[in-house]
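This report refers to the structure that appears directly beneath it.
The values are calculated or read from the model by the stated rules, or taken from the named source; none is laboratory data. Everything quoted here is computed from the prediction, not taken from an experiment. Counting neighbours? That spans all protein chains shown, and the Cβs are built from the backbone with ideal geometry, glycine included. Ligands, DNA and RNA are stripped out before the accessible areas are found, and what is left, the full protein with its side chains, is counted by its heavy atoms. Shrake-Rupley method; radii C 1.70, N 1.55, O 1.52, S 1.80 Å.
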Amino acid sequence: MSGSIVLRGGTVLTLDDARRVLPGEDVLVEGDRITAIGPALEVPAGTTEIDASGGIVLPGMIDTHRHLWQTAMRGYGADWTLTQYFVWYYLEWGKVFRPEDIYAGNLLGAWEALEAGVTTTVDWSHGLQTTQHADAAADALEAVPGRFVLAYGNIQDAPANWTATPEFRDFVSRRTGGDRGLEGFQLAFDVTGDPAFPEKPAFEVARELGVPVTTHAGVWGATGDDGIRLMYDHGFMTPETIYVHGASLSADSYQRIAATGGSVSVSTESEQSAGQGYPPTWALRQYGIPVSLSMDTSVWWSGDLFSAMRATLGADRSREHLEAHAKGETVTHAALRAEQVVEWATRGGAAALGRSDIGSLEVGKKADVVLLKNDHSPVSFPLLNPFGHVAFQAQRADVHTVLVGGRVVKRDGRLVGVDLPALRRRVEDTVEHLRAQLGEEAWRQGMNPDVPETKILDNPYTYTDYQSDRTHGG
Ligand SMILES: [Zn+2]
């Protein structure tokens, strides 16, 4: 279904520059664009009418970092630490994923995002051991009617190696650029801080291709200030660079990020339970560093951004209270507002991706629109503080309608055009394959993996033994 659609009478959170909230107004979509916003709009004959009364209309949400290929292992790692994750995926079992397993995870994760009103997702795809895996990842993303940026990575090899292969170059020329199906392309790799800077050739490839780099930076023990300094000294910190997590960094690194215009993708649920460091929004705000939100991976956490907004507000405020208490003071007014996290979940992601055509509801913008409305829920009223309602009250089941570029991908609480039984079979095949590869004991143990004693396992990057003095006691 496309053509013209009008959402009638909702509370419209425009997320425009003035952050206007428009109670009881309509949003008209024609083709792939928003063409009018206002009260009681006159609409072209044949326009599909959607009753948004009692609901909230907001821009499609944007997630700047999630590992979709891991979605087929949903919930498996609920009790992992980051070290256990590294053991399971990086060192032991990530290599048994076949292209069809990447496909299954991506397909499941892509629909999961849309279902929760996440219309644009950066697929931080670091399981691409071969370009067959990469083609599978891209095929799945292109099969789902959302916006997906493929951030290409490969944890099984050094960035300098996999970016140098002719197969990789061939993939880039076949699958990216122009009006091909992917919404964008990035290189995804981490910077260990090894003074030899083994990641430098991969940055040079990114520069040559003209594509952004996204990097897990500020992950306790794995990536930190040393990596930031190397990037800075070699001129690889640019405004389009997305630093994922950005915890466990010093003031010096935050200043370098701020000065070079990059942004941080904060995955609060992840940082809180895996151990990258304290969710850093409370620090990023002080340095004026732009923030977007992300959920990281469904192997542990929630694939919706309501959870991310909620967790981020909680972590930021919690930190403020604790810092104040340590000084014998009381916080009387919360610095981080609900409105701010809704902004991070929408236009913050758009800004991080350099996209001015999405992230807000304004005439002329792409019609990526979410309607939150659930007439069966006692949580849907009263609607007194719309931003607060989105951040603390709403959840996935309240996502009534989702439009991506004017196309209805969810309507009346149901995804449009998804074949869930077929998707379930694909995912079951993957789970069965992995289970057979591991064997029952390793499968069971994998939910709480042993950590080999041969290596300090906060450095999962097998191409270097480097460890920072800062996190290893000097
Ligand atoms: Zn991640």
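Ranking 159, 403, 251 by how far each Cα lies toward the positive end of the dipole of the chain (charges on Cβ) leaves 403 at the top. Toward the positive end of the charge dipole of the chain, with +1 on the Cβ of Lys and Arg and -1 on the Cβ of Asp and Glu, the farthest Cα among 126, 264, 84 is that of 264.
Shape class of segment 217-334 from the alpha-carbon gyration tensor: oblate, with a/c at 1.5 or above and b/c at least as large as a/b. Annotation: peptides 294-300, 233-239, ranked by per-residue average of other Cβ atoms within 10 Å with the highest first, follow the order 294-300, 233-239. Placing +1 on the Cβ of every Lys and Arg and -1 on the Cβ of every Asp and Glu, with nothing else charged, gives the chain a dipole about its Cα centre of roughly 640 debye.
If both residues of a DSSP beta bridge must be in the chain, then about 45% of such bridges are antiparallel. Ranked by the mean number of other Cβ atoms within 10 Å per residue, highest first, peptides 328-339, 351-362, 313-324, 400-411 order as 400-411, 351-362, 313-324, 328-339.
With axes computed from alpha carbons, what is the tilt in degrees of helix 420-445 against the longest principal axis of the chain, rounded to the nearest 10 within 0 to 90? The angle comes out near 30 degrees.
Phi angles across segment 19-30 convert, under the Karplus curve 6.51 cos²θ - 1.76 cosθ + 1.60 with θ = phi - 60°, into 3J(HN,Hα) values of 6, 5, 10, 10, x, x, 10, 10, 10, 9, 10, 10 Hz, Gly and Pro given as x. Could you give the distance between the Cα centres of segment 374-396 and segment 123-159, to the whole Å? If we compute the Cα centre of each part, the gap is 35 Å.
Ranking 364, 378, 392 by Cα position along the charge dipole of segment 344-428, where only Lys, Arg, Asp and Glu carry charges on their C-beta atoms, puts 364 farthest toward the positive end.
Surface composition of segment 219-302: carbon plus sulfur atoms contribute 50% of the solvent-accessible area (1.4 Å probe, protein chains only, all chains present). Any chance you could count the Lys pairs in the chain whose alpha carbons are under 23 Å apart, treating pairs 8 or more apart or on different chains as valid? Lysine pairs, 8 or more places apart or on different chains, close enough: 5.
Residue-wise HN-Hα couplings along segment 158-170, as the Karplus relation 6.51 cos²θ - 1.76 cosθ + 1.60 with θ = phi - 60° gives them from phi, are 5, x, 5, 7, 5, 6, 9, 7, x, 4, 4, 4, 5 Hz; Gly and Pro carry x. Of the solvent-accessible surface of segment 351-423, computed with a 1.4 Å probe over protein heavy atoms with every protein chain present, carbon and sulfur atoms account for 54 percent. Given a 1.4 angstrom probe, I'd like the percentage of the accessible area of segment 87-197 that is carbon and sulfur, rounded to a whole number. That fraction is 48 percent. Taking the DSSP bridge list for segment 177-324 and keeping only pairs wholly inside it, about 10 percent are antiparallel. The alpha carbon convex hull volume per residue for the chain rounds to 150 Å³.
Heavy-atom accessible surface of the chain, averaged per residue, reaches 39 Å², computed with a 1.4 Å probe. Bridges between two residues of segment 1-105, per DSSP, are antiparallel at a rate of about 65%. Taking the helices alone, the chain has a mean residue ellipticity at 222 nm of -9500 deg cm²/dmol, built from -39,500 (n - 2.57) per DSSP H run of at least 4 residues and averaged over all its residues.
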